[in-house]
Amino acid sequence: MEKVDSEVNSEVNSEVISETVTEVVSEAVAEVISETVTEVVSEAVTKVVSDVVPDVVSKVIFHEDVCKGCRLCTTACPKGIVVVDTDKLNSKGFHPATVKAEDMEKCISCAFCATICPDVAIEVRK
């Protein structure tokens, strides 16, 4: 009788573990899919908006947490609009580069700043 009870308990435990693992994996997959879909949709919306209303979306995007504030981009900009934001520190403790909102319209999307950036922290949209 004990052997039968042990086998039943073992089967029940295996089923519970299997169901739990399946549930956890399903939740993780759903979260990854949700994040990916959100990212893809966000990029698509940004592209559509920037094509339709170019002044609403930045021409230059600085990935501030990647920037180490080396200032190379500030020297490469022919319009002189790329500056280091001394009022802000990124997660690495550096002052990140940026283009002020009022100067964004002066950007000619030449991508000199992005080309010179050793950290690939700058994205230029045309």
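The values are calculated or read from the model by the stated rules, or taken from the named source; none is laboratory data. As the structure is a computational prediction, the values presented were derived from the model and not from experiment. As a convention, Cβ positions derive from the backbone with ideal geometry for all residues, glycine included, and neighbour counts pool all protein chains shown.
Of the residues examined, Glu15 is not one that is loosely packed, with under 10 Cβ neighbours inside 10 Å, modelled with pLDDT under 95 and out of contact with any strand residue (DSSP E or B) (no Cβ under 8 Å at 6 or more places or on another chain). In the range 73-126, the qualifying residues are those that are among the aliphatic types (A, V, I, L, M) and out of contact with any strand residue (DSSP E or B) (no Cβ under 8 Å at 6 or more places or on another chain), and the one that is surrounded by the most Cβ atoms within 10 Å (Cβ to Cβ) is Ile116.
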